[in-house]
Number of protein chains: 4
Amino acid sequence: MSKKLAGIFAPISTPFDNEDISLDHLKSNMRKYKETGLAGFFALGSNGESKSLTETEKLQILDVVLREKGDHQVVMAGTGYESTRQTISFSKKAVEIGADYVSVVTPSYFKKRLTDEALIGYYTDVADAVPIPVLAYNAPGFTGMTLSAKVIEKISRHPNIAGMKDTSPGNMSSYLSVCGDDFDVLSGTVSTLFTAMALGASGGVVSLANAFPNTCCDLYKKLRSADLEDARRLHYLLFNLNRSVSGSFGVAGVKYAMDVAGYYGGNPRLPLLPLSREGQQFIYDAISNAGLLGA
Amino acid sequence: MSKKLAGIFAPISTPFDNEDISLDHLKSNMRKYKETGLAGFFALGSNGESKSLTETEKLQILDVVLREKGDHQVVMAGTGYESTRQTISFSKKAVEIGADYVSVVTPSYFKKRLTDEALIGYYTDVADAVPIPVLAYNAPGFTGMTLSAKVIEKISRHPNIAGMKDTSPGNMSSYLSVCGDDFDVLSGTVSTLFTAMALGASGGVVSLANAFPNTCCDLYKKLRSADLEDARRLHYLLFNLNRSVSGSFGVAGVKYAMDVAGYYGGNPRLPLLPLSREGQQFIYDAISNAGLLGA
Amino acid sequence: MSKKLAGIFAPISTPFDNEDISLDHLKSNMRKYKETGLAGFFALGSNGESKSLTETEKLQILDVVLREKGDHQVVMAGTGYESTRQTISFSKKAVEIGADYVSVVTPSYFKKRLTDEALIGYYTDVADAVPIPVLAYNAPGFTGMTLSAKVIEKISRHPNIAGMKDTSPGNMSSYLSVCGDDFDVLSGTVSTLFTAMALGASGGVVSLANAFPNTCCDLYKKLRSADLEDARRLHYLLFNLNRSVSGSFGVAGVKYAMDVAGYYGGNPRLPLLPLSREGQQFIYDAISNAGLLGA
Amino acid sequence: MSKKLAGIFAPISTPFDNEDISLDHLKSNMRKYKETGLAGFFALGSNGESKSLTETEKLQILDVVLREKGDHQVVMAGTGYESTRQTISFSKKAVEIGADYVSVVTPSYFKKRLTDEALIGYYTDVADAVPIPVLAYNAPGFTGMTLSAKVIEKISRHPNIAGMKDTSPGNMSSYLSVCGDDFDVLSGTVSTLFTAMALGASGGVVSLANAFPNTCCDLYKKLRSADLEDARRLHYLLFNLNRSVSGSFGVAGVKYAMDVAGYYGGNPRLPLLPLSREGQQFIYDAISNAGLLGA
């Protein structure tokens, strides 16, 4: 299998209208994304507030993303639940409506008993049962769990586990040093895209791409062309912006940045709170300082 | 409102038969519990593997617990989801089939943005919307989140927030020193039941009560009668046993202890692994050493 | 060996005068403590800013404490360094000038390699070499290390390891359930004195005793006489006060409380900062609310 | 001021002979290092077991390092203590005998009160008092403390704070994005040297350089010449080796690797335990697999 997952993917945010999902706003966002350099989308991820959605809502959202994407764009669907059974069940539904990959976050509620052995079993069972390629998703900031290199070494050899997405700050070398050749590793944040790709990652799923897809794609291109000096400059610009947006305010920050950039962001679903006026100004200023107003 | 939540509550475990929930086994367990000194049950909690169940399964289980309990026994239903909306929606379903209380674990996926303000908003919104009393559930070992005393100080004044369950090791004084008078605090583990009640807690929801309900009730009674010397002896017996069972093996350990004690425990749902032969022997020996074989 | 370490001990704070240690202020404090119900003193502990002192300063301070204490009062000296060799060397100096016990905090700098085996070796080597009884000191809030029950189980059998002081929030049952009969366990904070003694601890080394020795002794007496209701009331009064003083401001808070209570507290040594005006007012109000102004 | 701290520095390990420091072995090691490509040395650091040494021992070691180094090689001396006063006092002694830089690890014992304000005050006071350039040293794995970007932003503007060494896994972009132009940032481990230099760091203080100085210098050279493909290959070789040596066994592992490589390593000082026979074999095999036996 040759490297397939490469480039920049937007972890699609879920538009709400007074707490209801708004498929219209989602469509409108997608039609704009279609015209960008994005390699594809990660639907139903952390940034999409997947954990705050019902299964029905998730399938509606995934359906819109699949219908509205560009032909060349790839869609990964976040399908992880706490039990193997639910993950498999929902993954099959995602397959039915056309997802290209399922991205399966580590279960985490029973973290004390989720040993390497349990996690290897989990990913193996899911990959055996689901007919499309599976990606592992390591997201310690959300789950309080970190996949060990030992787990990755093992599951990366499974013929139906195609890669992983990693949002941890310091495990990229560790994963890349043990995984098999056909295993695509994606950075889960623009903050580490530069170093991850230098180390051998093939791209990133980065929340800032929801608001500034083409600027994120520019960083990817500079990294591919090994234009290190230029890439580093753009890295720090996006690193600082990301710290002000997602780093300071999480999903609500990303959504407000989308509003500023001409997409529909809106409020996150409760209990996540909308941004204060000060928070909005802070993000607006950060975008302005980055020279990305009207970009 | 006078103190209502007092005594020992079993956090009902969910029997599986080859990965399917087994309502028959649940019924059979409940019929035995009915004859014990248990003050009631916590259905759909961590120990019940609630996070591994579908909503349909949850309602079936809750229904059996409500039907099979003794008349005097109280039922709390775990209804927490990550979004306010889903928590309220599922809580209302639990109310419809007859739950006495809803127990709402802290949301945790977006932990970095779940500030005191967001959590106060969350519990307030839920308590405003649900027609039966709400309990907060602090479970840092599962969620990676700890409710601050500030949150408890605030929400304990809400007329429809009746109390909390706490499984953290060192926050009991902190919560009891700020909560209002009508706020019932329950220990979430037999390991801290002794100190929690000395500090003013009114009882406990303790996983060991799934296997040894009457012994747990004995500890409660000794604590109520301020028979400190005797209570302390029993505390250490149960503390050590609990460390060998839940402390070492989590849900799978509790289930095996149930098997030894004559209830149906069985295996946890995957990805949680069943106990190894050595783990089983370890627990059997611990029960034997505690003098609780055949208890 | 019968239980010897019982009662309330003050972890003597170190008075500074413009960054120099002030033995005069220390003498004056000690003369007041002599008249209290304190069972003794812990010199050169965390609260004494021992880690900020030179060896020469430490010995001067210990000498004053030993000279000025009451005849019946016991003195433990904090003698832990990072290496076994330095700890033994300094412990012998403390013995020479008359300390009754040495209290040895866990080494912590090389925390990743300080396995149970290394720590058992450490305490054994120190206890073999030092001619007076050794106490282990578990202080995770300072060291980032927690002694395991396994270490305590082992070292509590050493004939020259007499006990331990524990400042962790949730390990007391664990230690008391494994330690030998002649092993005295002291709580390291007034916040857990009530529960620790209910569980079988024999007293406490509590920073608040630097400012309010007799009130702390009152709590001890009520606990000894099993006057649980009264003890609990006093527990919450001191728990809340302690949270405002040591909990909010650490050493600087304790020192200011001493100033308010008529002892010499003064500023901590840099880099610890003195209290702001607001911090001082906050502590003054907390003492006033506790009814301990002029106590 | 132009960039001065560049290249690979060995954090000199301290040879012990039956628990006594062995200056002879140190001399012999230094004479070999003199012939390598090392840009200099970090004496009295974590890897040098500085926290396990007396002040007298520290000065003896520093003196040997200064006498035996090559003319072009730079020496940084670790001089951090817990108090500002002791750090300044010892730094001045290091200056007297000829150190080029002092490297000051964050104080950490009073971590709860070591706010940004306290740390900025600390580094400012030290830099004001010491006549040679000061480096900050961020070592969360040892101290449990992480310097914030805000502290670095501030202190990097101090005319006498020349740079920092960082051993944390994920803060390099953060520090480099806020520090001033004349502030040299060094990676504190070979595991992150590749990414750190890609991001703009000027070199590294890496424990593996104690055993394999020239191979570490090779990685540095490849990175300087932007030979990314080759550098990445060497990165993974050293990353894997480092994980087996320092990552698995800490100081004892580095010392055994030195023994294998023809330097004197020996045992660490107690309470750190020497390597087991299995540990030794594990490291020998890792060196062999890396092709560095006899390198």
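The values are calculated or read from the model by the stated rules, or taken from the named source; none is laboratory data. The model shown is predicted, which means the values in this text are computed figures rather than measured ones. Here the Cβ positions follow ideal geometry from the backbone for every residue, glycine too, while neighbour counts run over all protein chains shown. Surface areas here come from the heavy atoms of the whole protein model, side chains and all, with no ligands, DNA or RNA. Shrake-Rupley method; radii C 1.70, N 1.55, O 1.52, S 1.80 Å.
For the range C:79-93, which positions are farther than 21 Å from C:K112 by Cβ and either among the hydrophobic types (A, V, I, L, M, F, W, C) or open to solvent by 10 Å² or more (accessible area, probe 1.4 Å) (or both)? Of everything in the range C:79-93, those that are farther than 21 Å from C:K112 by Cβ and either among the hydrophobic types (A, V, I, L, M, F, W, C) or open to solvent by 10 Å² or more (accessible area, probe 1.4 Å) (or both) turn out to be C:I88, C:S89, C:F90, C:K92, C:K93. If you go through the range A:214-241 and keep only what is open to solvent by less than 40 Å² (accessible area, probe 1.4 Å) and of a type in the set (A, V, I, L, M), you end up with A:L219, A:L223, A:A231, A:L234, A:L238, A:L241.
Quick grid of which residues meet (1) in contact with a His (Cβ under 6 Å, 6 or more places away or on another chain); (2) on the phi < 0 side of the Ramachandran plot:
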site: A:A136; (1), (2): no, yes
site: A:S148; (1), (2): no, yes
site: A:R157; (1), (2): no, yes
site: A:N160; (1), (2): no, yes
site: A:N171; (1), (2): no, yes
site: A:V190; (1), (2): no, yes
site: A:F194; (1), (2): yes, yes
site: A:G203; (1), (2): no, no
site: A:V206; (1), (2): no, yes
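Of all the criteria given as (1) aliphatic (A, V, I, L, M); (2) more than 24 Å from C:G141 (Cα to Cα); (3) assigned to a strand (DSSP E or B), the one not satisfied by C:A77 is (2). Within the range B:51-61, does at least one residue satisfy the condition of being open to solvent by 10 Å² or more (accessible area, probe 1.4 Å), away from chain A (no Cβ under 14 Å) and either touching an Asp or Glu at 6+ places or on another chain (Cβ under 6 Å) or more than 25 Å from B:G262 (Cβ to Cβ) (or both)? Yes - at least one qualifying residue is present in the range B:51-61.
Reported count of residues in the range C:81-122, each being more than 9 Å from chain D (Cβ to nearest Cβ) and either hydrophobic (A, V, I, L, M, F, W, C) or more than 20 Å from D:D20 (Cα to Cα) (or both), is 17. Kindly provide the set of residues from the range B:88-113 that are touching a residue at least 12 places away in the same chain (Cβ under 8 Å), touching a Leu at 6+ places or on another chain (Cβ under 8 Å) and more than 15 Å from B:A162 (Cα to Cα), ordered by number. B:K93, B:A94, B:I97, B:G98, B:T106, B:P107, B:S108, B:F110 - these are the residues of the range B:88-113 that are touching a residue at least 12 places away in the same chain (Cβ under 8 Å), touching a Leu at 6+ places or on another chain (Cβ under 8 Å) and more than 15 Å from B:A162 (Cα to Cα). Can you find a residue in the range C:100-109 that is part of a helix (DSSP H, G or I) and either surrounded by fewer than 21 Cβ atoms within 10 Å (Cβ to Cβ) or at pLDDT 95 or above (or both)? Within the range C:100-109, none of the residues are part of a helix (DSSP H, G or I) and either surrounded by fewer than 21 Cβ atoms within 10 Å (Cβ to Cβ) or at pLDDT 95 or above (or both).
C:N18 meets all of the listed conditions (1) touching a Leu at 6+ places or on another chain (Cβ under 9 Å); (2) open to solvent by 10 Å² or more (accessible area, probe 1.4 Å); (3) at positive phi but one, namely (1). Kindly evaluate C:A201 against the criterion of being crowded, with 24+ Cβ neighbours inside 10 Å and touching a helix residue (DSSP H, G or I) at 6+ places or on another chain (Cβ under 6 Å). Judged against the criteria, C:A201 is not a match.
For the range B:118-127, the criterion of being open to solvent by 10 Å² or more (accessible area, probe 1.4 Å) and more than 27 Å from B:T56 (Cα to Cα) is met by at least one residue. All of (1) open to solvent by 10 Å² or more (accessible area, probe 1.4 Å); (2) more than 14 Å from chain A (Cβ to nearest Cβ); (3) within 22 Å of B:L23 (Cα to Cα) hold for B:S244 with one exception: (3). Selection of the range A:254-263 for residues being of a type outside the set (D, E) and assigned to a helix (DSSP H, G or I) yields A:V254, A:K255, A:Y256, A:A257, A:M258, A:V260, A:A261.
Count of the range B:142-157 residues, restricted to those that are open to solvent by less than 30 Å² (accessible area, probe 1.4 Å) and either of a type outside the set (S, T, N, Q) or more than 19 Å from B:S173 (Cα to Cα) (or both), is 7. Taking the criterion of being within 23 Å of A:S52 (Cα to Cα) and in contact with an Asp or Glu (Cβ under 6 Å, 6 or more places away or on another chain), the residues of the range A:106-154 that qualify are A:P107, A:Y109, A:N138. Every condition in (1) on the phi > 0 side of the Ramachandran plot; (2) more than 10 Å from every other protein chain (Cβ to nearest Cβ); (3) not β-branched (V, I, T) holds for A:K255 except the one numbered (1).
Report yes if B:A211 is within 14 Å of chain C (Cβ to nearest Cβ) and crowded, with 20+ Cβ neighbours inside 10 Å, otherwise no. Here the answer is no, as B:A211 does not meet what is asked.
Looking only at residues of the range C:124-171 that are under 14 Å from C:L186 (Cα atoms) and part of a loop (DSSP other than H, G, I, E, B), we find that the one that is farthest from the other protein chains (Cβ to nearest Cβ) is C:S156.
Among residues of the range D:228-240 that are more than 10 Å from chain A (Cβ to nearest Cβ), those with a beta-carbon under 8 Å from a residue that is open to solvent by 50 Å² or more (accessible area, probe 1.4 Å) and assigned to a helix (DSSP H, G or I) at least six positions away or on a different chain give the pairs D:D230/D:K222; D:L234/D:D218; D:L234/D:K222.
Just give me the residues in the range A:261-279 being under 21 Å from the mean Cα position of the chain (by Cα) and more than 11 Å from chain B (Cβ to nearest Cβ), in sequence order. Result: A:A261, A:G262, A:Y263, A:Y264, A:G265, A:G266, A:N267. Annotation: of all residues in the range A:172-198 being more than 11 Å from chain D (Cβ to nearest Cβ) and more than 23 Å from A:L237 (Cβ to Cβ), the one that is surrounded by the fewest Cβ atoms within 10 Å (Cβ to Cβ) is A:D181. Restricting attention to the range D:12-50, the residues that are in a helix (DSSP H, G or I) and free of Cβ contacts under 8 Å to residues at least 24 places away in the same chain add up to 1.
Does the range B:249-257 contain any residue that is buried (at least 24 other Cβ atoms within 10 Å of the Cβ) and of a type in the set (S, T, Y)? Yes, the range B:249-257 has at least one match.
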